[in-house]
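Okay, structure first, notes after.
We did not get these values from a lab; they are worked out from the coordinates using the rules stated. None of these values were measured; they are calculated from a predicted model. We place every Cβ from the backbone using ideal geometry, glycine too, and count neighbours over all the protein chains shown.
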Amino acid sequence: MPNFEGISAKIRRAAHHARSLEADMDRFCMDIRPSIVHEVHEDAAEQAWVFRGETPNVPIDWSVRLGEILYLLRSALDHLVCQLVRANGQEPGRHNAFPIVRNEEAWRRRARSDLKGVSQADVNRIRRLQPIDGGIGLSFDVSGLSRLHSLCNADKHRHLILPFVSVDGFRGRNSQPRFEGSSSSRPLQGRGHLGKIEEGSILLRLNDAGRNFKPDFQISVRFENIEDPEVTAGTVPHIVGDCLTAVRGAIRVLTRGGSFGSVH
């Protein structure tokens, strides 16, 4: 008989690690905020917000923890296929795995070997979960499975997936930019920095030294790009959350709404 208990345990563990890592990232981003210094340059009639701390290098342990989260999720899918084989009255083997592919040719090749022993009904359900067609009609985004597959492969076969601290933009305090007073009649112009934060990065520059403005910089942790930029589009917690949601959704589909409601 199939047993999904171990799969549920893996997902709960991955979710626990994801929450813990996100909390550490949030604290790290908060701790570097005091190093953003407001400087007024009267001679150049401008003001700037400059990162005056050392370049924030995130702990390499984060990359290892990320790999562990991804492996737990990927392993849960592979274990699921083995349980589906058992549910079909067959014995799973080393060839069994959960395929994640982006084109029809790869699906046909992988389905023959990876899903040997799985019932045709479950094979059809797994086909529906593939990123080939974008999971039409599903309540979750199957692109999370594609991201999981790419990130796992990069971490497993090539290198650690290294995150970095990024500024993603800014907004004025109280949600709206507030510009009060002016030292000139020139139109207000500014230049902002988006992307990796390094020592000396000018996060924002305004061409008016007397303008009263208090920006709230949006700081996050992002992945270094791997082969496919779409895989790493977004913050690390957002991407990991997409992977987790997609795996949970796949399990619901393949266990006919099985008892995974307590997995958070």
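If you average the C-alpha positions of the stretch 36-99 and of the stretch 121-139 separately, how far apart do those two centres end up, in angstrom?
24 Å
For the stretch 201-214, take each phi angle, set θ = phi - 60°, evaluate the Karplus expression 6.51 cos²θ - 1.76 cosθ + 1.60, and give the result in whole Hz per residue in order, putting x for glycine and proline.
Per-residue couplings from phi come out as 4, 8, 6, 7, 10, 10, 8, 8, 6, x, 6, 8, 9, 10 Hz.
Give me Rg/Rg_expected for the stretch 104-167, where Rg uses Cα atoms only and Rg_expected = 2.2 N^0.38 Å with N residues.
On the way: Rg = 15.1 Å, N = 64, 2.2 N^0.38 = 10.7 Å.
This ratio for the stretch 104-167 stands at 1.41.
For the chain, what is the convex hull volume of its Cα atoms per residue in Å³? Working shown, then result.
Working: hull volume 41.0 nm³, N = 264.
In the chain, the Cα convex hull volume per residue is 155 Å³.
Of HIS159, GLY93, LEU66, which is farthest along the charge dipole of the chain in the positive direction, counting Lys and Arg as +1 and Asp and Glu as -1 at C-beta?
It is GLY93, whose Cα lies furthest towards the positive end.
In nm, give the distance between the simple-model label positions of VAL40 and GLU199, each being 7 Å from the Cα along the Cα-to-Cβ direction.
2.8 nm
Grab the beta carbon distance between PHE28 and ARG191, set R0 = 35 Å, and tell me the FRET efficiency rounded to 0.05.
The pair PHE28/ARG191 has a calculated efficiency of 0.85.
Restricting to lysine pairs 8 or more places apart or on different chains, what number in the chain have Cα atoms under 26 Å apart?
Details: LYS10/LYS116; LYS10/LYS156; LYS116/LYS156; LYS156/LYS196; LYS196/LYS214.
Summing the qualifying lysine pairs gives 5.
If packing is taken as the average number of other Cβ atoms within 10 Å across a peptide's residues, how do 127-135, 146-154 rank, most packed first?
Values: 127-135: 17.4, 146-154: 21.7.
Ranking, from highest mean packing down: 146-154, 127-135.
Among 115-126, 67-78, how do they line up from the highest to the lowest mean number of other beta-carbon atoms within 10 Å?
Numbers: 115-126: 16.7, 67-78: 20.8.
Output ranking for 115-126, 67-78: 67-78, 115-126.
With θ set to phi - 60°, apply the Karplus curve 6.51 cos²θ - 1.76 cosθ + 1.60 along the stretch 236-242 and write out the HN-Hα couplings as whole Hz, x wherever there is a Gly or Pro.
For the stretch 236-242, the Karplus curve yields 4, x, 5, 5, 4, x, 4 Hz.
With angles folded into 0 to 90 degrees, how steeply does helix 60-87 sit against the dominant principal axis of the chain? Use alpha carbons for both and round to 10.
The answer is roughly 20 degrees.
How tilted is helix 5-32 with respect to the longest principal axis of the chain? Cα atoms for both, answer in degrees (0 to 90, nearest 10).
So the helix axis and the longest Cα principal axis differ by about 10 degrees.
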